[in-house]
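The values are calculated or read from the model by the stated rules, or taken from the named source; none is laboratory data. Note that the structure is a prediction, hence the values are computed from the model and not measured. A quick note on method: Cβ atoms are made from the backbone with ideal geometry, for glycine too, and the neighbour counts reach across all protein chains shown.
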């Protein structure tokens, strides 16, 4: 028994070390004084100052953040509607097609997805004149096409496990379907929506393959800029940028965790109050 516990602990430590040591080393070398990213030359924060002067990286980061935020919001809205239809409306005409279309991006290679979207945008521009060229709009649509599938699966799973008696009780008391959704259903599935938003934001911010197909001149996202620099040799200011991104993501995860924990405590407190009042 002791040997089994030691083995599990060793595997756990190895797994976390494999995942986080590269990130920690990147953060460590972001404070390197040397221009060589793998040779320690002393402590310095000069590369953070250089980063603020690099307009190419800053513009690419701002573009990526805007696309990721709009994509995540749109994916949550559309994914919630699709998940609600699949989980609540039973069998209807086109259900199989809708289910297949929303889950296809999950298993489709990104190269195929990017190429097909590029061909679609070219045909649409030739036929309707929109979208005019490739850039912010086409990247956002492409990312939303990909992340919509993830949100749909998350919301559908949460709605499938939701207790229908709460909604039925509200209907018995005369509440309309719209009010039931916004007052009862939406707060309950809020953790799933937050998870879907964060996942969509992360996927969009990280995507390179699809973005490379649907982007155009003057619309280079942060992954595209970093990838182009990697081929020529990574500069230390990239480490500084990665450190800032890791910090922002960590703060976002912590904030989301506190929000979900407070919501769960509030839900348990309301359930206890409802049980005690009976």
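Looking at 160, 165, which one is over 21 Å from residue 204 (Cβ atoms) and touching a helix residue (DSSP H, G or I) at 6+ places or on another chain (Cβ under 9 Å)?
Result of the check over 160, 165: 160.
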Note to self: Tell me yes or no: at least one residue of the stretch 177-187 is crowded, with 17+ Cβ neighbours inside 10 Å and part of a loop (DSSP other than H, G, I, E, B).
What the structure shows: no
Checklist line | Boolean, residue 101 is over 13 Å from residue 196 (Cα atoms) and either out of contact with any helix residue (DSSP H, G or I) (no Cβ under 7 Å at 6 or more places or on another chain) or touching a residue at least 40 places away in the same chain (Cβ under 8 Å) (or both) | finding: yes
Note to self: Being at pLDDT 85 or above, under 22 Å from residue 68 (Cα atoms) and surrounded by fewer than 16 Cβ atoms within 10 Å (Cβ to Cβ) narrows it down to one residue among 227, 201; which is it?
What the structure shows: 227
Item checked: Search result, residues across the stretch 243-259 that are surrounded by fewer than 17 Cβ atoms within 10 Å (Cβ to Cβ) and either within 17 Å of residue 37 (Cα to Cα) or out of contact with any helix residue (DSSP H, G or I) (no Cβ under 9 Å at 6 or more places or on another chain) (or both) -> 244, 248, 250, 251, 254, 255, 257, 258
Checklist line | Members of the stretch 14-61 found to be loosely packed, with under 14 Cβ neighbours inside 10 Å, closer than 16 Å to residue 242 by Cβ and within 25 Å of the chain's Cα centre (by Cα), listed by number | finding: 19, 20, 21, 22, 23, 24, 25, 56
Notebook entry, point to check: Of the conditions (1) under 23 Å from the mean Cα position of the chain (by Cα); (2) within 24 Å of residue 85 (Cα to Cα), residue 175 fails just one. Which one is it?
Noted result: (1)
Item checked: Counted residues, the stretch 105-119 - those being closer than 24 Å to residue 199 by Cβ, assigned to a helix (DSSP H, G or I) and free of Cβ contacts under 8 Å to residues at least 60 places away in the same chain -> 5
Checklist line | Sole exception among (1) under 23 Å from the mean Cα position of the chain (by Cα); (2) farther than 18 Å from residue 115 by Cα; (3) not in a helix (DSSP H, G or I) for residue 134, by number | finding: (2)
Next item on the list: Being surrounded by 19 or more Cβ atoms within 10 Å (Cβ to Cβ) and either under 28 Å from residue 220 (Cβ atoms) or in contact with a helix residue (DSSP H, G or I) (Cβ under 7 Å, 6 or more places away or on another chain) (or both) narrows it down to one of 106, 117, 65, so name that one.
Entry: 117
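How many residues does the stretch 120-131 contain that are touching a helix residue (DSSP H, G or I) at 6+ places or on another chain (Cβ under 6 Å) and outside any loop (DSSP other than H, G, I, E, B)?
Number satisfying all stated conditions: 1.
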